[in-house]
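Some notes on the structure that comes next.
Only the coordinates and a few stated rules stand behind these numbers; no lab work does. Every value quoted in this text rests on a predicted model; they were computed, and no experiment measured them. Neighbour counts run over all protein chains shown; Cβ positions are idealised from the backbone, glycine included.
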Amino acid sequence: LWPWLLASSGISALVQLATLPFFPDSPSYLLIQKGNEEACRKAIRKLWGEGDHQAEIDDIMKEKVAMTATKTLRVLELIKEPSLRWQLYILVIVMTTLQLCGINAVESKFEEYLIPYVSLGVGLCECLSSILCSALIDRFGRKALLWGGYTLMCSVLALLTMTLSLQHQFFWMHYFSVILIFLFVTFYGIGP
């Protein structure tokens, strides 16, 4: 059953691969990148039907002008630019904490018979956290979700450390550890 479950993710990829040629190109891509206004009009008609879509084309043209006025920075220029320095620091800190949080190593301390169930549960928790995050981000904002997510992840990891060290003394501690891993993955997906 496990190989079939793993292979089932390829079904959606095959469906996307088979249907992709039938989707029209993006009107903004055709006008901004390719410079082909007639293909842009044809794509707009295919997407939105017949009618006067000159306002949409004018908006895309304004976007093209704005993009040409914006200077593309190289990596060293980005680092040296004082107005972007704080955003760069925040981005580096967030990405570093994501890499060092231990999300990939949480499953390694379990008995072999539990690992498939933990893997399945982790996948379900990732789906749940994606749905929750999209609903919560507008209500609380990104900063609150980052702080809350990291705080809850730290708390869960502290409890997980205790339960993993006690799992040989109590038979039910394995299950509590699995629940904590599911919570960790959910908080990871909602916060960081």
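Given a Förster distance of 35 Å, report the FRET efficiency between GLU77 and MET173 from their Cβ-Cβ distance, rounded to the nearest 0.05.
Numbers: r = 53 Å, r/R0 = 1.52.
Result of the calculation: an efficiency of 0.05.
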**Q.** Karplus 3J(HN,Hα) series, Hz, for segment 75-87 with 6.51 cos²θ - 1.76 cosθ + 1.60 (x for Gly, Pro)
**A.** 4, 5, 5, 5, 5, 7, 6, x, 6, 9, 4, 5, 4
Q) Among all the lysines, which ones have a C-alpha under 29 Å from LYS71's C-alpha, if same-chain residues fewer than 8 places away are not counted? A) LYS34, LYS62, LYS80, LYS143
Q. Mean residue ellipticity at 222 nm from the helices of the chain, using -39,500 (n - 2.57) per DSSP H segment of n ≥ 4 over the full residue count, to the nearest 500 deg cm²/dmol?
A. -23000 deg cm²/dmol
Q. Roughly what would the spin-label model give for GLN16 and LYS64, points 7 Å off Cα along C-beta, in nm?
A. 2.9
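Checking the a/c ratio against 1.5 first, then a/b against b/c, what shape does the Cα gyration tensor give for segment 142-184?
Working: a/c = 6.11, a/b = 2.85, b/c = 2.14.
Here segment 142-184 falls in the prolate category.
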Q. Each residue of segment 158-165 in order: what ³J(HN,Hα) in whole Hz does its phi give by Karplus 6.51 cos²θ - 1.76 cosθ + 1.60, θ = phi - 60°, with x for Gly and Pro?
A. 5, 5, 5, 4, 5, 5, 5, 6
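Of the listed peptides 53-60, 134-141, what is their order by residue-averaged count of other C-beta atoms within 10 Å, with the highest listed first?
Working: 53-60: 14.0, 134-141: 10.8.
Packing proxy ranking, top to bottom: 53-60, 134-141.
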Q) Say the dipole of the chain comes from +1 at the beta carbon of Lys and Arg and -1 at that of Asp and Glu; which of GLY148, LEU160, CYS127 then lies farthest toward its positive end? A) GLY148
Q: With everything on Cα atoms, drop me the angle between helix 37-48 and the longest principal axis of the chain, reported from 0 to 90° to the nearest 10.
A: 60
Q: List, in order, the whole-Hz ³J(HN,Hα) value for each residue of segment 122-131 obtained from phi through the Karplus relation with A = 6.51, B = -1.76, C = 1.60 and θ = phi - 60°; use x for Gly and Pro.
A: 4, x, 5, 5, 5, 5, 4, 5, 5, 5
(Q) Can you tell me how segment 8-96 classifies by the Cα gyration tensor, rounded, prolate or oblate, using a/c under 1.5 as the rounded cut? (A) oblate
